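**Student:** Take a look at the following structure, please.
The values are calculated or read from the model by the stated rules, or taken from the named source; none is laboratory data. Everything quoted here is computed from the prediction, not taken from an experiment. With ideal geometry, Cβ positions are generated from the backbone for all residues, glycine too; neighbour counts draw on all protein chains shown.
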Amino acid sequence: MRSLFALLLAALLAAAVPAHAATEITFYYPIAVGGPLTKVIDGLARDFEKEHPGIKVNPIYAGNYDDARIKALAALKAGQPAQISVLYSIDLYELLEQDVILPWDDIAATADDRAWLKAFYPSLMMNGIYKGKVYGIPFQRSTIVMYWNKDAFKEAGLDPEKAPANWNEMAQMAAKLVKKDASGNVQRWGVMVPSTGYPYWMFQAFARQNGHDLMNPEGNRTNYAHPDVIAALQYWRDLGAKHKVMPEGTVEWGTLRQAFTEGKTAMMWHTTGNLTAVKDTAKFPFGVAMLPASKQRGSPTGGGNFYIFKKTTPEERKASLAFVKWMTTPERAADWSIATGYVAVRPEAYETPKLKQYAAGFPQAVVARDQFKFATAELSTFQTGRVRKLLDDAIQASLTGQKTPDAALKAAQAEAERLLKPYR
Amino acid sequence: MKHVYGWLLLTPAAILLVGFTHYPAAATLFDSLFSTGTVVRPSRFVGLDNYAALTDDPIFWQVLGNNFWFALGTIPTSIALALLMALWVNDRLPARALVRMAYFTPTVLPMIAVANIWLFFYTPQIGLLDQIGAFFTVPSRNWLGDPDTALACTMAMVIWKEAGFFMIFYLAALQSLPPELEEAAKLEGASRWYFFRRVTFPLLMPTTLFVMVNATINSFKLVDHLFILTKGGPDNASSLLLYYIYQVAFSFFDTAYASTLTVVLLVLLAGLAVAQFQLVEKRVHYR
């Protein structure tokens, strides 16, 4: 009995004092367990550990962005380890309000670290900076681009290599691309912009193109009711109601890709995240272009950033910084972009031989990068879920003809004002 | 001593019930009286403020209305269909097992899978409905993208999914009916319809009550399809109460308001169940 007790004690001691005190980082990553990306992330973590023997990285796969946020916050509340996480870039204000994240500036000690903070595309940093400090390091980021069916363009007598550059062109070209059967039923639409799932995201592109962002950088004011913003929604509505080049009502996000690859629409606006899937399934040559301009070009960015949590020891912070820096080196950003279709987050990545070679064979892959100079932050404010839904509902109410864009957006703006006033 | 023994036997079930049913319900009621706390602004007692906010919330009234139509549209139809199917497959017909299985298949499929299939039925142009329509040169419709049809589309899918499940209960009940009744009716020269109306249907009343209570609860409980089909849109036209609760809790992170909505849902369901038992019990003949 006594020897058993001694054995137990020895085992306990051994567990409590590891041979060499490695710093462990628990890393929440938003993806369902078993997806192909878990292998990529696991591999990256192992490679990192090989190069940094003193640090151990435990990735925890936690479903979609919402699940990951809920699980990471629950772990923090329960006192379980969580040092870093990839979370939705637009969760910034929510995380700030919960007071759980730390600015990377506070950890960046060396000149090299500080230079790293400035190494990313500025438009990708917009969702990660609050009051001049960097909270989110871009990792898996996307943007909206226009896909067009070159065969359909040829058939309609248009130049198959030239996508519409502005709103007027898009409406005119789309009108030529609409194909009807003998009884007047539409066989192919001119253009489709999805309006379920993430209508606010698509609308940000329209608004930006018409010269406006929908919120301020402090995240406590929205700009839903500016006349130019209302005009942007009117244009979207008119594509269906007036020009008859897009189906009336809402266009489903989830099935739009099939509609495009089956030739039921000649153009679509969609995330760059669909690029690989379209490439694999489209039986016709297709092009990818920047979204058309009204007053200027424009598209919001989207996707996930690295955040570091407040409840961390100085060693853990140092280790986390090393890991995130390592994950975002130009070579790894290039690998990641090729493996996933997400955009590479820093300009140097596009200078790497790997990505240059990939882009030479598949030039559609760099359109998103070229659009970055016109890109803007994804809609994110305090009370972001509610403020976003107000806009989503207003957009859908307009597109389905239940309200005019003017009435819908003014009502949404008034309600957003009420929600955001306490944050000023 | 006898009492202790009895209580000990009850304990395991009681702990589970209290821990996972009664405590959460009470905690929800409690939470609905407080504001949602953040680290910056801690939660505080607000009394009935959340309930006042609820009466001013147009989306709440809209989803409640939607839920009412959803219940009205799905419950009677799926029960009638279930009964019809049960009567049909209860008869001696060729390949009976196959037909029964075919009717039951929708129930076995997970709702998310079903919704993904139906999404492609409803998709304009490439969807099954529009493909069939195109054959008869019916113009394409944006089924899920039109607020006038979105809710009805989700209802059709739920009826299809539920009817097979309820059929099983009716089938079981039908098989327990003594065959002498039918023989006696035949001797008396009763028509099939008369026999159904005066004998079969009254004897099935306990099953009908059970199915009705379940269908009512399901009409408030089933929202999985919304995640795939419409996300409650367009402009909340197909949103239901439970889906709205999910949005408030996990997209808006307003736990207090989500608790308030949950209390409303609980009260509603409890009230409906009691009413159903009270009203229908009078017409139920248990043997």
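**Student:** Being within 14 Å of chain B (Cβ to nearest Cβ) and of a type in the set (D, E, K, R) narrows it down to one of A:69, A:141, A:114, so name that one.
**Tutor:** The conditions single out A:69.
**Student:** Now for a different question. Residue A:267: within 28 Å of residue A:365 (Cβ to Cβ), modelled with pLDDT of 90 or more, within 23 Å of the chain's Cα centre (by Cα) and in a strand (DSSP E or B), yes or no?
**Tutor:** Details: within 28 Å of residue A:365 (Cβ to Cβ): yes; modelled with pLDDT of 90 or more: yes; within 23 Å of the chain's Cα centre (by Cα): yes; in a strand (DSSP E or B): yes.
Criteria met by residue A:267.
**Student:** Is it the case that residue B:49 is free of Cβ contacts under 8 Å to residues at least 40 places away in the same chain, within 20 Å of residue B:249 (Cβ to Cβ) and within 14 Å of another protein chain (Cβ to nearest Cβ)?
**Tutor:** For residue B:49, the condition - free of Cβ contacts under 8 Å to residues at least 40 places away in the same chain, within 20 Å of residue B:249 (Cβ to Cβ) and within 14 Å of another protein chain (Cβ to nearest Cβ) - is not met.
**Student:** Does the range B:130-166 hold any residues that are within 13 Å of another protein chain (Cβ to nearest Cβ), touching a Phe, Trp or Tyr at 6+ places or on another chain (Cβ under 6 Å) and in a helix (DSSP H, G or I), and which are they?
**Tutor:** B:153
**Student:** Still on this structure: Hey, among the residues in the range B:167-219 that are among the polar types (S, T, N, Q) and assigned to a helix (DSSP H, G or I), which one's nearest to residue B:79 (Cα to Cα)?
**Tutor:** Ranking the qualifying residues of the range B:167-219, first place goes to B:208.
**Student:** A further question follows. Which residues, counting only those in the range A:365-389, are surrounded by 22 or more Cβ atoms within 10 Å (Cβ to Cβ) and more than 30 Å from residue A:344 (Cα to Cα)?
**Tutor:** None; the set is empty.
**Student:** Just checking, does the range A:81-104 include any residue being over 15 Å from residue A:305 (Cα atoms), surrounded by fewer than 15 Cβ atoms within 10 Å (Cβ to Cβ) and away from every other protein chain (no Cβ under 14 Å)?
**Tutor:** no
**Student:** Consider residue B:100 carefully, then state whether it is part of a helix (DSSP H, G or I) and basic (Lys, Arg).
**Tutor:** Working: part of a helix (DSSP H, G or I): yes; basic (Lys, Arg): yes.
So residue B:100 passes the test.
**Student:** Which pairs have Cβ atoms under 7 Å, sit 6 or more apart or on different chains, and link a residue in the range A:64-79 that is buried (at least 19 other Cβ atoms within 10 Å of the Cβ) to one that is assigned to a helix (DSSP H, G or I)?
**Tutor:** That search, which allows pairs on different chains as well, returns A:69/A:91; A:73/A:98.
**Student:** So, one more: Enumerate the helices (runs of 4 or more DSSP H) found wholly within the range A:324-424, keeping only those where 3 or more residues are away from chain B (no Cβ under 14 Å) and out of contact with any Asp or Glu (no Cβ under 9 Å at 6 or more places or on another chain).
**Tutor:** Qualifying helices (runs of 4 or more DSSP H): A:330-340, A:353-361, A:367-371, A:405-420.
Yes/no per residue for (1) within 14 Å of another protein chain (Cβ to nearest Cβ); (2) under 24 Å from the mean Cα position of the chain (by Cα):
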position: A:206; (1), (2): no, yes
position: A:209; (1), (2): no, yes
position: A:215; (1), (2): no, yes
position: A:220; (1), (2): yes, yes
position: A:223; (1), (2): no, yes
position: A:228; (1), (2): no, no
position: A:241; (1), (2): yes, no
position: A:244; (1), (2): yes, no
position: A:250; (1), (2): yes, yes
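**Student:** Checking residue B:88 against (1) at pLDDT below 90; (2) in contact with a Phe, Trp or Tyr (Cβ under 7 Å, 6 or more places away or on another chain); (3) surrounded by 11 or more Cβ atoms within 10 Å (Cβ to Cβ), only one condition comes out false. Which one?
**Tutor:** Failing condition for residue B:88: (2).
**Student:** Which residue is farthest from the other protein chains (Cβ to nearest Cβ), if the candidates are limited to the range B:236-262 and must be touching a residue at least 24 places away in the same chain (Cβ under 8 Å) and over 13 Å from residue B:60 (Cα atoms)?
**Tutor:** Ranking the candidates gives B:259 first.
**Student:** Please list, ordered by residue number, the helices (runs of 4 or more DSSP H) wholly in the range A:114-202 having 1 or more residues that are surrounded by fewer than 18 Cβ atoms within 10 Å (Cβ to Cβ) and in the same structural domain as residue A:363 (by TED's automatic domain parsing).
**Tutor:** Once the helices (runs of 4 or more DSSP H) in the range A:114-202 are filtered for at least 1 residues that are surrounded by fewer than 18 Cβ atoms within 10 Å (Cβ to Cβ) and in the same structural domain as residue A:363 (by TED's automatic domain parsing), what remains is A:122-125.
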